[in-house]
Amino acid sequence: QVQLVESGGRYVQAGDSVRLSCVSSANSFSRHTMGWFRQAPGKARQFVGCMNWRSNSAKYADFVKGRFIISRDNDKNTVYLQMNNLKSEDTAVYYCAADYLGRLGARENEYHFWGQGTQVTVSS
């Protein structure tokens with residue numbers, strides 16, 4: 001069983017930046033697509049973005065609009081989500097997820113393993 005542990009969530013002001021990290025226990029991390037999702041209070045979980053294992057292809061949700069960047073360090077089994085120019089509507093629990101089939105999926109059911117999430121709160 002793969003374990004994913006997110007960290008880095010915190011309370012910030014609108015316009016600030018936050019970098020989230022997600023460490024994977026998978027021996028095959030370097031071959032997984034890693035994705036980020038978020039869930040705001042009272043709303044369904046939504047796709048934020050994902051990156052393939054080679055780090056040469058990524059997909060982002062439209063609302064990201066260049067504010068968020070995903071990167072990964074396969075030597076450290078870690079994927080990052082850099083979030084810039086945060087807005088109050090970015091307030092949510094952020095989850096990382098792993099797809100061992102290596103797709104660039106935007107649907108939850110395309111991911112096999114999930115972390116417990118980390119809270120990001122943006123105050124306006």
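The values are calculated or read from the model by the stated rules, or taken from the named source; none is laboratory data. Keep in mind that this is a model prediction, so the values were computed, not measured. All Cβ positions, even for glycine, are placed from backbone atoms using ideal geometry, and neighbour counts span all protein chains on display.
Details
- Listed by first and then second residue, the pairs with beta-carbon distance under 7 Å, at least 6 apart or on different chains, first residue in segment 3-15 and surrounded by fewer than 16 Cβ atoms within 10 Å (Cβ to Cβ), second not in a strand (DSSP E or B), are Q3/S25; V5/G115; A14/L86; A14/K87; A14/S88; A14/S124; G15/N85; G15/L86.
- Residue in segment 90-108 that is of a type in the set (S, T, N, Q), at pLDDT 95 or above, over 12 Å from the mean Cα position of the chain (by Cα) and surrounded by fewer than 21 Cβ atoms within 10 Å (Cβ to Cβ) present: yes
- Of D99, D75, all but one fail to be free of Cβ contacts under 8 Å to residues at least 24 places away in the same chain and over 21 Å from R10 (Cα atoms); the exception is D75.
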